[in-house]
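The values are calculated or read from the model by the stated rules, or taken from the named source; none is laboratory data. Only a predicted model underlies this, so the values are computations on that prediction, with no experimental measurement involved. Heads up, the Cβs are rebuilt from the backbone with ideal geometry, glycines too, and the neighbour counts pull from every protein chain shown.
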Amino acid sequence: MVWFFHKNAAPFLINNVATGTPCDVDGYDLEHGAPPEIPPAESPPDWSPFDSQVQFETADFLFKKAEMSQANIDILMDLWASTTADGQAPFRDHREMLATVDAIDGGDTPWECFTASYSKTKPPANTPDWMLKKYTVFFCDPLAVVRAIISNPDFNGQFDYAPYMEFEDEKQRWTDVMSGKWAWKQAVGFT
């Protein structure tokens, strides 16, 4: 059972994702034509474990986009602090920023792992290193990830979750996978 949001409709729950049957909060199908239930009101944005949006965006920029060195992060935070009335920057230094990034909650989708290694015949001489090593592969169950994404209200209006047909000048227009025949076949056996 998942909350769904669409730009042209009120939010609603889906009990059977394959057929798109709307349901109530307990997972029971709604009667045909019954109005959908409205989800609980949204709470203010939670930037946890960051203290604010500025702190989050600073870490995002420094860690992911600029990939700034730890020494340069310290210099930037000192410069930033020198320009504010209270002498505070988003972080004291790189250690505080990295500790905050490490404290990010990974969500409800558990990580899994397995170990893999090359198992075919190895050359008798000059065997490449990669053929001799073991590798640990970390992953999340793709189905669980998709369920988490489509149930997250932050993605409201960001993608189509049910098959649709779009027409322009009496010709069907194909725009993405959800407008194609495959999606209809998966949902309702449409041929």
Selection status of Ile104, β-branched (Val, Ile, Thr), within 22 Å of Asp46 (Cβ to Cβ) and surrounded by 11 or more Cβ atoms within 10 Å (Cβ to Cβ):
yes
Inside the stretch 150-191, can you point out the residues that are of a type in the set (Val, Ile, Thr) and under 28 Å from Ile38 (Cβ atoms)?
Ile150, Val188
Can you say whether Glu67 is within 23 Å of the chain's Cα centre (by Cα), modelled with pLDDT under 95, within 29 Å of Val145 (Cβ to Cβ) and surrounded by 10 or more Cβ atoms within 10 Å (Cβ to Cβ), as far as the supplied structure shows?
no
Under 7 Å between Cβ atoms, at least 6 apart or on separate chains: pull out the pairs that start in the stretch 98-116 with a residue that is closer than 23 Å to Ala71 by Cα and end on any residue that is surrounded by 10 or more Cβ atoms within 10 Å (Cβ to Cβ) and at pLDDT 90 or above.
Thr100/Pro49; Thr100/Phe50; Thr100/Ala59; Val101/Ala59; Ala103/Pro49; Ile104/Pro49
Residue that is surrounded by the most Cβ atoms within 10 Å (Cβ to Cβ), among those in the stretch 127-146 that are assigned to a strand (DSSP E or B) and hydrophobic (A, V, I, L, M, F, W, C)
Cys140
Here's a check for you: in the stretch 91-109, which residue that is in a loop (DSSP other than H, G, I, E, B) and in contact with an Asp or Glu (Cβ under 8 Å, 6 or more places away or on another chain) is farthest from Phe56 (Cα to Cα)?
Thr109
Residue check: is Ala59 touching a residue at least 12 places away in the same chain (Cβ under 8 Å) and not in a loop (DSSP other than H, G, I, E, B)?
yes
